[in-house]
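Visitor: This is the structure I want to talk about, given as structure tokens.
The values are calculated or read from the model by the stated rules, or taken from the named source; none is laboratory data. All values derive from a computational prediction rather than experimental measurement. Every residue, glycine among them, receives a Cβ derived from its backbone with ideal geometry; neighbour counts consider all protein chains shown. Surface areas here come from the heavy atoms of the whole protein model, side chains and all, with no ligands, DNA or RNA. Shrake-Rupley method; radii C 1.70, N 1.55, O 1.52, S 1.80 Å.
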Amino acid sequence: LAMSNESLAGLERISSEAPSGFRLERLELFNWGTFHNRVWSLQLDGHSGLLTGDIGSGKSTVVDAITTLFVPAYRIVYNKAAVADTKERTLRSYVLGEYKSERNESTGTAKPVPLRDFNSYSVIVAVFHNAGYKQSISLGQVFYWTKDKVQGQPERFYVGLEGSLTIAQDFSGFGSDISGLRKKLKAKSVDIFDSVPKYRAWFRRRFGFEKEQALGLFHHTVSRN
């Protein structure tokens, strides 16, 4: 992720030898796909990384989490990196942790089996760091269920912070009501958004994405197998 000159206005470059632009420092997932009831973390520290593993080990799950942070829901084709059926995975299946299907012997129909119920919540957090300017930016999304919408897709809100967030410290210990989490984040000066345009405008301005097409190219690139 490279910043434009405009977004760097007024900032003093600390090091001319450090890599330019914002680079992924850390990705954290909680209750996303089969990463169940624990925080899964990928620590890159701005370096390149290679995800390897057997089929079903979670490679596409990680890629889809990163895609979810940047790409509007209506544009995402989940599990695209694995060249799978477009209906195989959805936001709902990731948040509920659906990991297999069970066939009803009497009806002959198959039903997905989830790891979680509608009382759970899920979090994606990514921290990006610009070593040259000693700057960190955190993006996150929180997914949860309301009683009147358990048949559809989960509710969500978006967060951004000019600093570093962690799931263990910032997205836990808020009680049983999701509004408690929002209050906790606001108390830490985290920006909270309920709409995609405001969230995207926030991070585009800070990352220096001058054109919307740049994110489309990102989606195409990160989803290549």
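Visitor: Charges at C-beta only: +1 for Lys and Arg, -1 for Asp and Glu. How large is the resulting dipole of the chain about its Cα centre, in Debye rounded to 20? Could the numbers behind the result be given before it?
Guide: On the way: 30 positive and 23 negative charges, 65 e Å.
The dipole of the chain has a size of about 320 debye.
Visitor: For residue 157, what residues show an amide H to amide H distance below 5 Å, using hydrogens built from the backbone and excluding near sequence neighbours?
Guide: Residues meeting the amide H criterion: 142.
Visitor: Once Rh for the chain is found with the Kirkwood sum over Cα pairs, what is the Stokes-Einstein diffusion coefficient at 37 °C and 0.692 mPa s, in µm²/s?
Guide: On the way: Rh = 18.7 Å.
This corresponds to a translational diffusion coefficient of 176 µm²/s.
Visitor: I've got another one for you. Sort out the exposed loop trypsin sites (Lys or Arg not before Pro) in the chain (DSSP loop, at most 15 other Cβ within 10 Å) and tell me the longest stretch that has none. The partial results should precede the final answer.
Guide: Values: sites that count: 13, 87, 134, 188, 211, 224.
Longest run free of exposed loop sites: 14-86.
Visitor: For the range 112-119, just list the computed ³J(HN,Hα) in residue order, Karplus coefficients 6.51, -1.76 and 1.60, θ = phi - 60°, integers in Hz, with x standing in for Gly and Pro.
Guide: x, 10, x, 7, 10, 9, 7, 8
Visitor: Also, quick follow-up: Could you work out the pair-distance distribution P(r) of the range 159-209 from its alpha-carbon pairs, with 10 angstrom bin width and percents rounded to whole numbers?
Guide: 23, 50, 24, 3
Visitor: Using each residue's phi in the range 175-185, evaluate 6.51 cos²θ - 1.76 cosθ + 1.60 at θ = phi - 60° and report the 3J(HN,Hα) Karplus result to the nearest Hz, with x for Gly and Pro.
Guide: Going residue by residue, I get x, 9, 9, 4, 5, x, 5, 4, 5, 4, 5 Hz, with x marking Gly and Pro.
Visitor: Hey, another quick one. For the chain, with all protein chains present and a 1.4 Å probe, just round the carbon and sulfur fraction of the accessible area to a whole percent. Numbers along the way, then the final one.
Guide: Values: 6200 of 12560 Å².
Using a 1.4 Å probe with all protein chains present, the chain comes out at 49 percent carbon and sulfur.
Visitor: While we're on this one: Counting alpha carbon pairs within less than 8 Å and at least 6 residues apart, what relative contact order, in whole percent, applies to the chain?
Guide: Working: 382 pairs, mean separation 54.2, N = 225.
Once divided by the residue count of the chain, the mean separation gives 24 percent.
Visitor: Per the Debye formula with a single identical scatterer at each Cα and no solvent contribution, what log10 I(q)/I(0) holds for the range 24-147 at q = 0.18 Å⁻¹?
Guide: -1.04
Visitor: On a straight-distance basis, which lysines could pair with residue 59 in a cross-link, Cα separation under 21 angstrom, same-chain partners fewer than 8 positions away excluded?
Guide: 80, 87, 100
Visitor: Please arrange 64, 148, 117 by accessible surface area, largest first, computed with a 1.4 Å probe and ligands excluded. Intermediate results must be reported in sequence, preceding the final value.
Guide: Numbers: 64 5, 148 125, 117 85 Å².
Highest to lowest solvent-accessible surface, that is 148, 117, 64.
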